Amino acid sequence: MRILLTGGAGFIGSHTCVELLDAGFEVTIVDNLSNSSETALKRVEEITGKKVSFHKCDILDRDSLKKIFDSEKIDSVIHFAGLKAVGESNEIPLKYFLNNVAGTVVLCEVMAEVGVKNLVFSSSATVYGDPKSVPITEDFPLSATNPYGRSKLMIEEILQDLYKSDNDWNIAMLRYFNPVGAHHSGRIGEDPNGIPNNLLPYIAQVAVGKLKELSIFGNDYNTSDGTGVRDYIHVVDLALGHIKAIDKLKTNPGLVTYNLGTGNGCSVLEMLKAFEKACEKEIPHRFAPRREGDAESCYADSSFAEKELNWKAEKTIDDMCKDMWKWQKNNPDGYK
Ligand code: NAD
Ligand code: WQD
């Protein structure tokens, strides 16, 4: 069975590609390489000993996309392609709406035209905005605090309308919490452009000596140690969740939504300590003011995914830091 991954050369896509190939699926990738490198796919092939069919193509390019669907027998699509930098989305919102929202519309139009109606969509815990309490269940109120988050929320609503209009679709919207870590081989991992925005890539670059010190955004939150709490999930656990979602689509569930998290909250200081243990050095850090728009605490209730998908995140914070450190140490400049 062949699965098409949009954005499959990226961080989560490349790890999902490995797990799909290992599980016996065939994989086609459509990526414009705007935030990734073809080297990641070469390494996926090296890790798995299997080939992927790669097309350098923008999902907004309807004609090229249609040709790919016409030339390969696709069963289901996992739609990772999108821009994801929250800060940047405040500066260039239209680019985010065009790429993420319009891109999804074009993709769905082409899928409808060729009769491929199984879709897994990369949504995000960002659709819960500033959550009223934790842990977060799928029925919590939704809101957006920035254009990136709004693009995810809009796509979720578009997919709901699409399903209402045509019940032949099977759509799984997966709300990821904070994906981190890397493949245990240290050959593929997250390769952010420029200075990382996210905690783990930032810590890893301080540990390897590329950045001077970590700024901890706020130590006066109402949490165990005053720093922000998140649900960090190992990218390989997340990748395995996609395989379970693909299996679920085979049962014709209609439109379904799942939180993919561990269910455990971890503070910035706890994460820092775990990374120091993994890299066996102290990581310079200082306390800084809160970052605008940050929630105090955000973690999942993932029991619905556990029940419905028979999926549960298995890897620990120590696994995440160990694998992330292996990737960073072996590839200080990412894929460059
Ligand atoms: P990533 O940037 O590493 O991967 C996204 C991939 O999509 C990149 O390879 C990029 O080149 C490609 N892409 C972007 N626009 C495209 C377009 N128009 N046409 C073709 N390819 C395009 O990001 P990721 O961390 O792997 O995230 C994957 C998905 O998961 C994204 O939709 C993201 O919003 C979502 N998500 C990510 C996180 C996270 O923290 N990493 C959390 C929640 C949700
Ligand atoms: C985690 C914690 C920070 C950097 C973002 C997006 C979200 C989703 C996942 C895509 C917070 C603190 C961070 C630093 C710090 N992405 N921090 N110093 O903000 O939970 O979520 O990525 O959908 O939409 O918003 O992740 O890794 O940026 O921050 O103290 O240099 O680390 O304040 O408490 P976040 P993050």
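Summarise the accessible area of the stretch 213-254 (1.4 Å probe, protein heavy atoms) by the percent that is carbon and sulfur.
43
What is the sum of charges around Glu45, taking Lys and Arg as +1, Asp and Glu as -1, for the other residues whose C-beta is under 11 Å from the C-beta of Glu45?
Within the 11 Å Cβ shell, the charges total +3.
How high is the relative contact order of the stretch 4-124, in percent, counting Cα pairs under 8 Å that sit 6 or more residues apart?
28
May I ask you to list the GluC sites (Glu not before Pro) in the stretch 50-104 that are in a DSSP loop and have at most 11 other Cβ atoms within 10 Å of their Cβ?
Listed in order of number, the matching sites amount to none.
Count the lysine pairs in the stretch 186-284 whose Cα atoms lie under 18 Å apart, taking only pairs 8 or more positions apart in sequence or on different chains.
Total qualifying Lys-Lys pairs in the stretch 186-284 comes to 4.
Which of Ala295, Ala40, Ala204 moves the most in a Gaussian network model of the chain with Cα springs under 10 Å?
Maximum fluctuation in the GNM of the chain, among the listed residues, is at Ala295.
In debye, nearest 20: dipole of the stretch 248-336 around its Cα centre with unit charges on the Cβ of K, R (+) and D, E (-)?
Using Cβ point charges on Lys, Arg, Asp and Glu, the stretch 248-336 gives about 280 debye.
Past the 23 Å Cα-Cα mark, which pairs from Lys73/Lys117; Lys152/Lys322; Lys50/Lys117?
Pairs exceeding the cut-off: Lys152/Lys322; Lys50/Lys117.
Going through the stretch 119-177, which trypsin sites (Lys or Arg not before Pro) have at most 11 other Cβ atoms within 10 Å and a DSSP loop state?
Taking the stretch 119-177 and a limit of 11 other Cβ atoms within 10 Å, the loop trypsin sites (Lys or Arg not before Pro) found are Lys132.
Per residue, how much accessible surface does the chain expose to a 1.4 Å probe? Answer in Å², no decimals.
On a per-residue basis, 43 Å².
May I ask you to give the percent of accessible area on the stretch 59-147 that is carbon plus sulfur, with a probe radius of 1.4 Å?
Whole-percent figure for carbon plus sulfur exposure: 54.
If amide hydrogens are placed 1.01 Å from N in the peptide plane, which non-local residues have theirs closer than 5 Å to the one on Phe287?
Those lying under 5 Å, H to H, from Phe287 are Ile216.
Can you list the residues of the stretch 301-315 with backbone N under 14 Å from a point 7 Å past the Cα of His184, pointing along Cα to Cβ?
314-315
May I ask you to derive the FRET efficiency for Asn252 and Glu213 from their Cβ-Cβ distance with R0 = 51 Å, giving the value to the nearest 0.05? Walk me through the intermediate numbers first.
Working: r = 52 Å, r/R0 = 1.02.
Efficiency computed from Cβ-Cβ geometry: 0.45.
Given the options Gly293, Gly186, Gly13, state which has the largest fluctuation in a GNM of the chain using a 10 Å cut-off (strictly under) for Cα springs.
Checking each option, the largest mean-square fluctuation is seen for Gly293.
Could you put Thr145, Thr137, Thr227 in order of accessible surface area, largest first, with the 1.4 Å probe and the full protein assembly present?
Thr145, Thr137, Thr227
Tell me, in nm to one decimal, what length is gained between Ser53 and Ser165 on full extension, where the rule is 0.36 nm per residue of separation less the Cα-Cα distance?
My answer for the length gained is 37.1 nm.
In the stretch 131-191, what chymotrypsin sites (Phe, Trp or Tyr not before Pro) fall in a loop by DSSP, with at most 16 other Cβ atoms inside 10 Å?
none
Would you mind counting up the charge near His242? Only other residues with Cβ under 12 Å from its Cβ, with Lys and Arg at +1 and Asp and Glu at -1.
-1
Among the aspartates and glutamates, select those whose C-alpha is under 14 Å from the C-alpha of Lys336, and discard any that sit fewer than 8 residues away in the same chain.
By straight Cα distance, Lys336 reaches Glu38, Glu190, Asp191.
Would you compute, from DSSP H runs of 4+ residues alone, the mean residue ellipticity of the chain at 222 nm, taking -39500 (n - 2.57) per run and dividing by the full residue count, rounded to the nearest 500?
Working: 12 runs with 131 residues, N = 336.
Per the formula, -12000 deg cm²/dmol.
The values are calculated or read from the model by the stated rules, or taken from the named source; none is laboratory data. Note that the structure is predicted; figures quoted are calculated from it, not measured. Virtual Cβ from ideal backbone geometry, glycine too; neighbours counted across all protein chains shown. Side chains included, ligands, DNA and RNA excluded: accessible areas come from the protein's heavy atoms. Shrake-Rupley method; radii C 1.70, N 1.55, O 1.52, S 1.80 Å.
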